[in-house]
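The values are calculated or read from the model by the stated rules, or taken from the named source; none is laboratory data. Just so it is clear, the model here is predicted, and its values are computed rather than measured. Note that we place each Cβ from the backbone using ideal geometry, even for glycine, and neighbour counts take in every protein chain shown.
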Amino acid sequence: MNTRLGYRSFPAETVHLHRVRHFIREQAEEAALSADITGDILVAVSEACANSALHTDSEEFTVRWEAAGDRVEVAVEDGGIFTSHVPVPELNGDGRGGRGIPLMMALMDEVTIKQGNDREPGTVVRLIKYPI
């Protein structure tokens, strides 16, 4: 796989997630990834972006794509503060949500989260897939 870099910013609103998925599909196609690998990356990136749009007051988030050697890395960055908690959807009111990070971890080979805080806002979610 040749090195391929891509970077794009999006408004931090869930109505723009289709634009994120389009960007990821373009990058995956140029990297000649299989449909299965592309699907895993699409779902994981969509979850990370949805978390940014729903759980921060950031006006935008950025998606950075790098395909090089034996791996694909996608980073989703925002200006928000990460609130860590153990998800218990049945107790969180409406029973929705709380499954995004476990889903990302199930689909990707590596997931790291640099947590933004009050002193240093800005959360970065790194998603890595080894397609070979």
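Restricting to the stretch 1-20, count the residues that are in a helix (DSSP H, G or I) and within 13 Å of Thr62 (Cα to Cα). Qualifying residue count, the stretch 1-20: 4. When we screen Ser9, Ser52 for residues that are without any contact (Cβ under 8 Å) to a residue 60 or more places away in the chain, within 22 Å of Asp78 (Cβ to Cβ) and small (Gly, Ala, Ser), the only hit is Ser9.
From the set of residues in the stretch 39-54 that are polar (S, T, N, Q) and crowded, with 21+ Cβ neighbours inside 10 Å, which is farthest from Gly80 (Cα to Cα)? Filtering first and then ranking leaves Asn51.
Residues are listed down the side, and each one gets a yes or a no for (1) assigned to a helix (DSSP H, G or I); (2) modelled with pLDDT under 95; (3) under 18 Å from the mean Cα position of the chain (by Cα):
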| position | (1), (2), (3) |
| --- | --- |
| Ile81 | no, yes, yes |
| Arg96 | no, yes, no |
| Pro102 | yes, yes, yes |
| Val111 | no, no, yes |
| Gly122 | no, yes, yes |
| Val125 | no, no, yes |
| Ile128 | no, no, yes |
| Ile132 | no, yes, no |
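Hey, can you tell me all the residues within the stretch 55-65 that are without any contact (Cβ under 8 Å) to a residue 60 or more places away in the chain and either surrounded by fewer than 21 Cβ atoms within 10 Å (Cβ to Cβ) or over 18 Å from Ile101 (Cα atoms) (or both)? Correct list: His55, Asp57, Ser58, Glu59, Glu60, Thr62, Arg64.
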